[in-house]
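Before any comments, here is the structure.
Please treat every number below as a calculation from the coordinates, not as lab data. The shown structure was predicted, so the numbers you read here are calculated from the model rather than taken from an experiment. A quick note on method: Cβ atoms are made from the backbone with ideal geometry, for glycine too, and the neighbour counts reach across all protein chains shown.
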Amino acid sequence: MPEAERPVPLADGRAQGRITFEDVWFAYERLPAEAASGEGGLATGDSPPDWNWVLKGVSFDAEPGSTLALVGHTGSGKTTILNLLLRFYEPQRGRILLDGVDVRDLPLTELRRQVGLVLQDVFLFSGTVAENITLGDPRVPRERVEDAARAVDAHRFIERLAGGYDQPVGERGANLSLGQRQLLAFVRALVYDPAVLVLDEATSSVDTETEEAVQRALETLLDGRTAVAVAHRLSTVQHADQILVLHRGGVRERGTHQELLAQGGLYRRLYELQYAEQERAAA
Ligand SMILES: Nc1ncnc2c1ncn2[C@@H]1O[C@H](COP(=O)(O)OP(=O)(O)O)[C@@H](O)[C@H]1O
Ligand SMILES: [Mg+2]
């Protein structure tokens, strides 16, 4: 069917925000021919041989309004899952659905309207605070910007800046603290009010006071929307409705924080390595 004649699901209004991965296989690249056919290839079991698979049959279902946390070692495929959900890449096999609709059947503009992105490295450009929140879109009223900023308690720090919302932000936000940049990214996401939020949490820590502000802001941001989050904060994984523990491109374990701790497997080891430190720091 030609693109123009396809029905446009979800075109009127906001998605509910159910996110489903169905047996998703993904590779960024093909293997060199000799690796694919030779003994070093992946020609075993049900692993199709000639791709360098990064995800090997990932499935999950995130209910509207729930938080799904992705954890796992560096390189286990967490960011790749976010990239696929946003359709920066497409899986070679399997399907990704928003409210039961294959994301390939949604116009990209519609997908990007429903699925908001908050990145690990907050991207700020040279422009004012307000422009960084609205992405320079003059149709977003100032009132909406301020309401969003109030909701995540960023209004107070913005008002204290000499120029307030019209204060120029330096190159990459150089004149703002890391915590302030994170809050601005949350305000930006709130202004667009997507049904689904894709979050790649920052690994760099901020001071305790700012961290508390960021956590409160995050709770507000996640309220009433589905979140798929690469989680580095203990508080995010503790509150997640579902945690997927990725290992070598597959889902090794899944459950809640308490369930996975009790299993005493990979999650427990990751927790002891990565999160127990945060728990001690918070205590
Ligand atoms: N753009 C890319 N091109 C090729 N390989 C990539 C690309 N991005 C990531 N990879 C590879 O895919 C695997 C999973 O990466 P990633 O999803 O970033 O893991 P994580 O976010 O869990 O650290 C890694 O082996 C990584 O080297
Ligand atoms: Mg990553």
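Look at the dipole of the chain built from charges on Cβ: of Ile81, Leu161, Leu70, the Cα furthest out on the positive end belongs to Leu161. Principal-axis analysis of the Cα atoms of the chain puts helix 142-151 at an angle of about 70° to the longest axis.
What does the highest-first list of 220-231, 135-146, 110-121 look like by mean Cβ count within 10 Å? Could you put the intermediate results ahead of the total?
Numbers: 220-231: 20.8, 135-146: 12.8, 110-121: 18.6.
So the order, starting with the most tightly packed, is 220-231, 110-121, 135-146.
So in the chain, what percent of DSSP beta bridges are antiparallel if you round to the nearest 5? Among the beta bridges of the chain, antiparallel pairing accounts for roughly 55 percent. Projected onto their three principal axes, the Cα atoms of the chain cover extents of 65, 56, 34 Å, largest first.
When only alpha carbons are used to place a centre, segment 221-259 and segment 120-166 end up 29 Å from one another.
Charge dipole of segment 141-283 (Cα centre as origin; +1 on each Lys and Arg Cβ, -1 on each Asp and Glu Cβ, all else neutral): 400 debye, rounded to the nearest 20.
Using alpha carbons only, how many degrees (0 to 90, rounded to 10) separate the axis of helix 178-192 from the longest principal axis of the chain? For helix 178-192, the angle is close to 80 degrees. Working note: Karplus 6.51/-1.76/1.60 with θ = phi - 60° gives segment 225-232 the couplings 9, 7, 10, 10, 10, 7, 9, 10 Hz, where Gly and Pro are set to x. When you count the other C-beta atoms within 10 angstrom of each residue and take the mean per peptide, 71-77, 185-191 line up highest first as 185-191, 71-77.
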